[in-house]
Each structure stands twice: as C-alpha cells, then as structure tokens.
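Visitor: Structure provided below as structure tokens; questions to follow.
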Amino acid sequence: MASNGEETRGSAPEIFLKPYNPTEAEPDIYALWEKSGYFNPDNLPKEHQDPYTIIMPPPNANGSLHVGHALFVTLQDLLIRYKRMRGFKTLWLPGADHAGFETQIVFEKKLEKEGRSRFKMQREEFYKETLAFTLENKKFMEGQLRQLGASCDWSRNTFTLDPKIISTVYGTFKKMYDDGLIVRGSRPVHWSTKYQTSLSDLETKTVERQDPLYYLKYGPFVLATVRPETKFGDTAVAVNPRDERYKEWVGKEIEFEGLIGPVKLKVIADEYVDMEFGTGVVKITPAHDPNDFAVAQRHDLPIVEVIDQFGRLNEKCGKYAGMKILEARAATARDLEEKGMLVKVDENYTHNVLVNYKSEHDILEPRVLPQWFVKIKPLADLARKAVEDGRITFVSEQYRKIYFNWLDQLRDWNISRQIVWGIPIPAWFCEYSGGLDRLHAKCSEPIVSTEPVEKCPHCGGIVSRDPDTFDTWFSSGQWPFATLGYPDSPDFKAFYPTSVMETGYDILFFWVMRMIMLGLYRTGEVPFKDVYLHGLVRDAQRQKMSKSKGNVINPLQMTETYGTDALRMALLVGNTPGMDMALSEQKIKAYKLFSNKLWNVARFVLESVNESDLDAKMSDADTALLDEAKALAEDVTKDMENYRLYIAAEKLYHFVWDRFASEILEESKNIFKDGDPIREPSTSNGAGAAAKLSRARLLYEILSLSLKLIHPFMPFVTEAIWQKLPKKDTDILMVARWPVHENK
C-alpha cells in the first residue's frame with residue numbers, strides 16, 4: 001500500500017530479475033522437500049489415507065546411473081507426485097541391488113586393471129573388497145537419484161543384502177524346498193569357463209555365428225557336427241524313427257576305429273533328430289549338449305564328460321587332453337582328415353551360439369552339474385491365472401501376449417551360482433564322518449535351514465556349507481514383499497500389494513515374471529496391480545546408445561547443463577508405453593527453453609498482480625478462460641489415470657506455451673498497457689479497472705493451476721515459482737491439492 005492510500009503496482013520477487021538457474025536452485029529445493037518429511041507417507045497430512053505404492057526397481061550398485069535409470073526415475077516420480085497431490089498416502093520405496101554376477105564382473109575388471117585376480121584371493125578377502133566397492137557406488141548412485149528429483153522415502157531405503165532381505169529370501173527358499181518346488185540335481189547348465197560359474201537361461205543370449213560344419217565318417221554313417229572335439233564323449237548315434245534310410249540300423253551297434261582307439265556306439269531312433277540336417281544322422285554327446293542329454297535320459301544312455309570346467313579336454317581324450325576347445329577342434333579335424341574320417345567341410349555354416357549376456361566373447365559350454373533348480377510350471381500356472389483373471393493388468397496389451405508366450409516357454413530355473421558375491425545358499429551337506437554304521441537314509445540329502453547348521457541332524461556328523469550363491473533374480477524376484485517386511489510388518493499390511501510396477505520391457509522375462517511368480521507363491525497375493533513397461537532410450541537416429549558409437553547421453557551431465565526438469569520433459573514427451581524412444585541433447589535443450597518460458601510467465605504474472613487482486617470479481621470472459629484451463633486439468637487427469645503420461649506432458653507444454661503465454665498473456669499486456677491504470681480509482685475508468693482486476697486474478701489462477709498440473713513433470717522449477725507466490729494452498733507445492741478432486 002502506498003502512503004497516500006492508493007495501491008501500488010505488483011512486483012515480482014527479486015529472484016525473478018535474473019533467468020532461472022537450475023544448477024543453483026535444484027539442490028536447495030530438494031533439501032526443502034527432504035526437510036519437509038513428506039517423502040515419508042507417515043508424515044503426510046491426515047487426509048492422505050488410501051495407499052499408493054511403487055517399489056523402485058533397485059539400480060545396480062556397481063556404477064553410475066545411465067539414461068535408462070533417468071527414465072524410470074522420471075516416470076515413477078511423476079506417478080508418485082501426481083498421486084501424492086491427489087491425496088493418496090504415497091510410498092515410493094527406494095533401494096539398490098548387489099547385482100551378484102554383474103557386479104562381480106565389474107569388480108573383476110577393476111582387479112584386472114590392478115594386475116590382480118579373484119582366483120588368487122581368499123574368498124573372504126574378495127567378498128570384503130567387493131562389498132566396500134559396492135557400498136561406495138551405492139552411496140554415489142543414491143546422490144544421483146536425488147539429483148534426478150526422486151521423491152522417494154529414504155527412511156525406508158533398502159539394499160538387497162540387508163539382513164531383512166536375506167532372511168526373507170532364506171524363508172522362501174526353505175518353503176519351496178519343503179514343498180518340493182526346489183530340487184537339487186545334476187542337469188545340463190550353461191557354464192562360463194571365463195567366470196567359472198553356471199548361468200541361468202536369463203543370463204544368456206543367442207548370437208548368430210559362422211563356423212565350419214564337419215561331415216565325419218562314423219562306421220557306416222556320415223554325420224555332420226560343428227564340434228568334432230566332443231566326439232570322445234559320444235554315447236550313441238541317432239536317427240529319426242520315420243527316416244526310411246536308416247531303419248535297418250536302429251537298435252544295432254556300430255564299431256569303428258576312432259582317433260584314440262576303437263569306438264562302439266548304439267544306434268537309436270528319436271524324434272529329436274531333424275531328417276533335413278546334414279545326412280539325418282547325429283552323434284549324441286549327453287554331457288555337452290542339453291538336447292543330447294534329454295535324448296540320453298529317454299534312452300538310458302551314459303553321460304561322459306570330456307571337457308572340464310576350464311574349457312579344456314580332460315584325461316578321457318588321450319593325446320588331446322589339456323587342449324582348449326578351439327585348439328582341440330582344429331587338431332581333431334586335422335587328424336580325422338588324415339585318417340580318412342573327414343568327408344567334407346562346409347566352411348560357412350550359419351548357426352546360433354549361446355553366449356554370456358554380458359560378453360559375446362564368452363561362449364557358454366553346456367555341462368551336467370549338480371545345481372539347485374526351481375520347478376517352474378506350478379509357479380507359471382499361478383502367474384498366468386493372475387493376469388487372466390485381471391488381478392494384474394498390463395498397460396500395453398502387446399506385453400500381455402508376450403508374457404503368456406514366455407510363460408509357455410519357461411524351463412526349470414537354475415538358481416545357484418559358483419560366485420562369491422551374493423547371498424549364500426542356506427544348505428549344508430553331511431560329510432558322513434560319523435562312520436557308515438551311523439549313516440541315516442537322509443544323510444545323502446541336502447540340509448536346508450534358515451539358521452546355521454553345526455552338525456548333521458541325522459547322524460551327528462560334520463557338515464559343510466554349500467559354497468554357491470543365489471542367482472540375483474531369485475532374491476530380487478522377492479523384492480516387493482521382502483522390502484515391505486513380509487509377513488508381519490505394518491508396512492506390508494498397509495502397502496502390499498503395491499500399485500504399479502514400472503520398469504523396462506527388457507526385463508519383463510528376467511524380473512517382472514519372477515516377481516509375480518514368487519510374490520503369489522509366498523504371500524498368496526499379486527505383488528502389484530498394474531505393470532507399466534517403458535522402452536529403451538535410443539539416440540536421435542533411433543540407434544542403440546553405446547560407448548563405442550559415441551552416442552551415449554549422460555543424464556547427470558544433461559541435468560547440470562540444462563536442468564533436471566528439461567531432461568525429464570524430454571524423456572516424457574513422445575514416450576509411448578512399451579515403445580523405444582529417441583532422445584537428443586537438442587530435445588533436452590528445447591525443454592530448458594520451456595522451463596525458462598514458465599519462469600518468465602510467472603515473472604509477468606507476479607509483476608501484474610497484488611494479493612488483494614485475488615479476491616476480485618472475474619468477468620464472464622475471464623471466467624470462461626479459467627473454465628478452459630480447468631477443462632484442461634480434467635483432460636490431463638484422465639490421461640494420467642490411464643497412463644497416457646506422454647500425452648498429458650504434451651498438452652501441458654502446448655497450453656502453457658501456445659495458449660497461456662502466447663495468447664492470454666499477450667492479450668493481457670494490452671489490458672494492462674496504460675501506465676498503472678490497474679490501480680486507478682474506479683472513477684477514472686470503472687469498467688477498465690474492473691477488467692484489469694479481473695484479468696489479474698485470472699492470470700494468477702491459471703498460473704497456480706498450471707504449476708500444480710506441471711509439478712509432477714517438472715518439479716524443480718514449479719516448486720521454485722510456488723515458493724514465491726503471495727497466496728497459495730500449501731507452503732510446499734509437492735503436497736498441494738491436485739486441481740481435480742473428484743473420482744480419486
């Protein structure tokens with residue numbers, strides 16, 4: 001108020017005299033949010049009653065966050081902020097994954113650079129160093145999550161190696177073992193000779209390779225193989241029972257001179273044999289091919305291992321013993337040719353090879369080893385029914401179909417790893433030290449217990465612990481209920497089942513499916529109600545980002561250059577659920593301009609408005625404009641409720657830029673243009689003054705509405721502006737009431 005009693009023109013706070021600087025503003029704003037305590041659902045206002053829960057897919061605690069992490073943080077934070085403003089009791093529970101095999105690979109590479117090897121370290125020493133490495137990365141990664149604006153409840157932050165998680169995982173393992181859903185047995189597994197561990201189907205990928213196809217003379221037959229070096233483990237030759245060419249040989253035994261002595265092999269008939277491959281005759285090597293192992297099981301054939309854990313031929317291979325696989329392949333092919341047993345070679349045979357999913361150079365060797373296997377079918381049946389009956393909904397229908405297709409293809413799951421880094425399997429084996437007279441029938445069975453076992457419960461003898469660790473996907477598959485403290489904690493009772501699982505479509509098979517199976521089995525309820533799968537983030541040309549291509553976008557560098565809000569909007573607009581998206585630095589820069597536009601709009605509005613204007617009567621025309629903005633809010637709310645987040649983002653962008661800034665504000669400048677007539681006494685121009693007061697209130701109402709609507713998308717700049725508003729619903733925008741209240 002002026003000293004003469006007349007109102008003075010409004011003025012924007014001093015902060016608006018300079019452009020918005022996200023680098024300066026964002027740390028202080030995040031500190032404000034954390035200090036408020038509102039990340040924790042227990043501290044939200046009392047009207048926040050209905051739970052809304054997202055369990056964060058725990059990033060691997062072995063390195064920096066990449067742009068894929070930035071995408072999931074953006075999407076999940078958007079949903080949480082939106083639901084928090086709608087009055088839900090929101091819990092976004094953060095965490096970090098020890099990431100077993102993947103972290104061990106990363107740490108082993110670090111050791112290699114230092115000239116060290118885990119194979120020359122004590123087990124305890126290696127574990128201790130890996131833990132220190134992981135915890136340091138975990139701390140760094142959590143700082144990056146804050147930088148991306150994650151409004152998660154840090155008081156509930158969970159690590160996959162926390163005691164409560166390990167306890168839950170042990171409980172699930174024992175229950176499954178007691179129920180007959182986990183068995184230990186010798187079956188074919190994928191073996192990494194480089195990393196000295198078995199891998200599950202989840203940790204492999206198929207690549208196309210060209211290799212020589214060798215046609216070998218086996219007695220009266222000629223057969224084709226890409227692996228002549230495994231011939232020392234052959235226990236039969238097989239033909240298709242419908243193949244008339246070889247019918248007379250089925251059931252007979254062939255004998256011929258091999259590379260290291262006489263060979264006798266039975267001829268069997270099995271539908272597995274493809275009559276169109278090669279000559280229609282194949283050698284059966286059960287120890288080194290999973291399909292051959294299945295044939296051997298059907299025909300009661302012996303299993304003869306001829307390649308050891310290091311990928312070298314063993315003592316059963318005569319002069320070839322000690323040779324590595326490729327060396328032995330060349331040597332056996334050469335010697336077979338000298339003996340007249342090599343008929344021909346197709347040098348350009350294209351076939352599929354199974355490799356380690358983390359390294360295409362690590363070709364996996366099939367081996368028959370005693371491992372822990374989960375019987376998948378009963379769990380898959382539970383997972384299928386939960387989606388069929390609607391308890392779980394996929395946002396993208398296409399992934400519902402893919403989900404069912406993968407359920408049909410699942411095989412029993414090898415969950416044991418021969419690595420140090422991870423959760424140890426809680427199983428012990430009796431060493432029979434009590435003497436044969438004290439042996440119990442159960443002494444040959446594993447002892448599974450959630451507590452340490454000191455001696456054999458059957459004979460009292462010495463026990464040794466299984467040195468293997470769990471497949472990471474087995475423990476992380478229990479993440480939703482384990483993090484919430486199943487079965488008795490208040491959190492589990494309040495927040496389970498969770499509301500939505502948002503993650504990348506590339507781990508639907510790895511993780512989402514496992515969470516559904518294990519969650520249903522252990523708790524009897526689905527772990528989440530909706531599944532929102534996002535695609536991969538690619539470069540502007542839609543090429544996969546990779547360091548070798550030089551097209552990687554570092555999200556943290558982008559936030560430092562353009563602000564977190566700009567990165568978030570660039571990740572949201574044009575990002576259809578389940579589809580890959582293109583991202584460029586230019587796109588991020590464009591949304592930095594939008595952030596600046598919003599800042600400038602706020603400056604203009606605050607320069608044009610006094611707090612006393614906010615009670616002014618609005619004209620019919622301005623009321624209609626406000627109704628238009630409220631209709632947008634209704635529209636955006638429907639999009640949000642139906643996970644059309646990318647559409648909501650684009651509508652808000654165009655409303656603020658094209659409608660509010662370019663049209664309504666420009667029109668307002670004409671209304672406000674005559675000096676300071678907005679504050680003139682009504683006697684000078686009563687109608688004009690009323691129109692200006694009406695317009696001042698309208699601008700403020702639309703600005704406030706826009707800030708609320710945009711906040712989940714661009715939380716930092718909206719909160720920075722909100723803090724400077726003269727009149728507002730709440731001190732912190734993060735808990736302001738969403739403009740649309742109905743149909744919560």
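Each value in this text was obtained by applying a stated rule to the coordinates, not by laboratory testing. Since this is a predicted model, take the numbers as computed values, not measurements. Note: ideal-geometry Cβ built from the backbone for every residue, glycine included; neighbour counts use all protein chains shown.
Visitor: Could you size up the charge dipole of the chain around its Cα centre, putting +1 on the beta carbon of Lys and Arg and -1 on that of Asp and Glu, and report it in debye to the nearest 20?
Guide: That gives the chain a dipole magnitude of about 760 debye.
Visitor: What value does the range 202-359 have for Rg/Rh, both radii from Cα atoms and Rh as Kirkwood defines it?
Guide: Using only Cα positions, Rg/Rh for the range 202-359 is 0.95.
Visitor: For helix 325-338, what angle does its Cα long axis make with the longest principal axis of the chain, in degrees from 0 to 90 and rounded to 10?
Guide: Rounded to the nearest ten degrees, it is 40.
Visitor: Tally Lys and Arg at +1 and Asp and Glu at -1 over the other residues with C-beta under 15 Å from the C-beta of residue 387: what net charge comes out?
Guide: My count for the surroundings of residue 387 gives 0.
Visitor: What is the calculated FRET efficiency for residue 623 to residue 579, with r their C-beta to C-beta distance and R₀ = 51 Å, to the nearest 0.05?
Guide: 0.80
Visitor: Summing +1 for each Lys or Arg and -1 for each Asp or Glu, what net charge is found among the other residues whose Cβ lies under 12 Å from the Cβ of residue 27?
Guide: Local net charge: -4.
Visitor: Separate question: What order do you get for 191, 372 when you list them from fewest to most C-beta neighbours inside 10 Å?
Guide: Listing 191, 372 from fewest to most nearby Cβ atoms yields 191, 372.
Visitor: Among [x] 33.2, 119; [y] 25.8, 81; [z] 27.6, 98, find the value of Rg and Dmax of the Cα atoms in Å that was calculated from the structure presented, and write down its label.
Guide: Evaluating Rg and Dmax of the Cα atoms in Å on these atoms matches [x].
Visitor: Are there any GluC sites (Glu not before Pro) in the range 100-207 that are in a DSSP loop and have at most 16 other Cβ atoms within 10 Å? List them by number.
Guide: 114
Visitor: Oh, and also: Between residue 547 and residue 155, what is the label-to-label distance in nm when each label sits 7 Å out along the Cα-to-Cβ direction?
Guide: The modelled label-to-label distance comes out at 4.0 nm.
Visitor: For the range 698-744, with equal point scatterers placed on the C-alpha atoms only and solvent neglected, what are the log10 I(q)/I(0) values from the Debye formula at q = 0.21 1/Å, to two decimals?
Guide: Log10 of I(q)/I(0), two decimals: -0.66.
Visitor: For residue 89, list long-range residues whose amide hydrogen, built 1.01 Å from N in the peptide plane, is under 5 Å from its own amide hydrogen.
Guide: Excluding prolines and chain starts, which carry no amide H, the hits are 49, 50, 52.
Visitor: Okay, moving on. Given 262, 171, 619, which one lies farthest toward the positive end of the charge dipole of the chain, if we put +1 on the Cβ of every Lys and Arg and -1 on the Cβ of every Asp and Glu?
Guide: 262
Visitor: Please arrange 741, 299 by how many other C-beta atoms lie within 10 Å of their C-beta, fewest to most.
Guide: 741, 299
Visitor: Ok, one more. For residue 95, what residues show an amide H to amide H distance below 5 Å, using hydrogens built from the backbone and excluding near sequence neighbours?
Guide: Under 5 Å from the amide H of residue 95 lie the amide H atoms of 158, each far enough along the sequence or on another chain.
Visitor: Separate question: Please give me the summed charge of the neighbours of residue 596: other residues whose Cβ is under 12 Å from its Cβ, Lys and Arg +1, Asp and Glu -1.
Guide: Net charge in that neighbourhood comes out at +4.
Visitor: Still on this model: Loop only by DSSP, 13 or fewer other Cβ within 10 Å of the Cβ. Give me the trypsin sites (Lys or Arg not before Pro) in the range 248-278 that pass, ordered by residue number.
Guide: Filter output for the range 248-278: 252.
Visitor: Rounded to the nearest 500, what is the 222 nm mean residue ellipticity of the chain from helices alone, with -39500 (n - 2.57) per DSSP H run of 4+ residues and division by all residues?
Guide: Result for the chain, helices only: -12000 deg cm²/dmol.
Visitor: Taking a label point 7 Å from the Cα of residue 217 along the Cα→Cβ vector, which residues of the range 341-360 have an amide N closer than 19 Å to it?
Guide: The answer is 341-346, whose backbone nitrogens lie closer than 19 Å to the label point.
Visitor: Within the range 156-184, list the residues whose amide N lies under 17 Å from a label point set 7 Å along Cα→Cβ of residue 382.
Guide: It comes to 168-183, nothing else.
Visitor: Something else about it: Evaluate the distance, in nm, between pseudo-label points positioned 7 Å from the Cα of residue 140 and of residue 657 along their respective Cα→Cβ axes.
Guide: So the two model labels end up 3.6 nm from each other.
Visitor: If you don't mind, another one. Quick check: pseudo-label points 7 Å beyond the Cα along Cα→Cβ at residue 36 and residue 252, how many nm apart are they?
Guide: It is 8.5 nm.
Visitor: Residues in the range 609-636, backbone N under 11 Å from the label point at residue 690 (7 Å along the Cα-to-beta-carbon vector): list them, ranges by number please.
Guide: Hits in the range 609-636 for residue 690 at 11 Å: 617-620.
Visitor: State the extension gain, in nm to one decimal, for the chain segment bounded by residue 24 and residue 324, taking 0.36 nm per residue of separation less the distance between their alpha-carbons.
Guide: 102.1 nm
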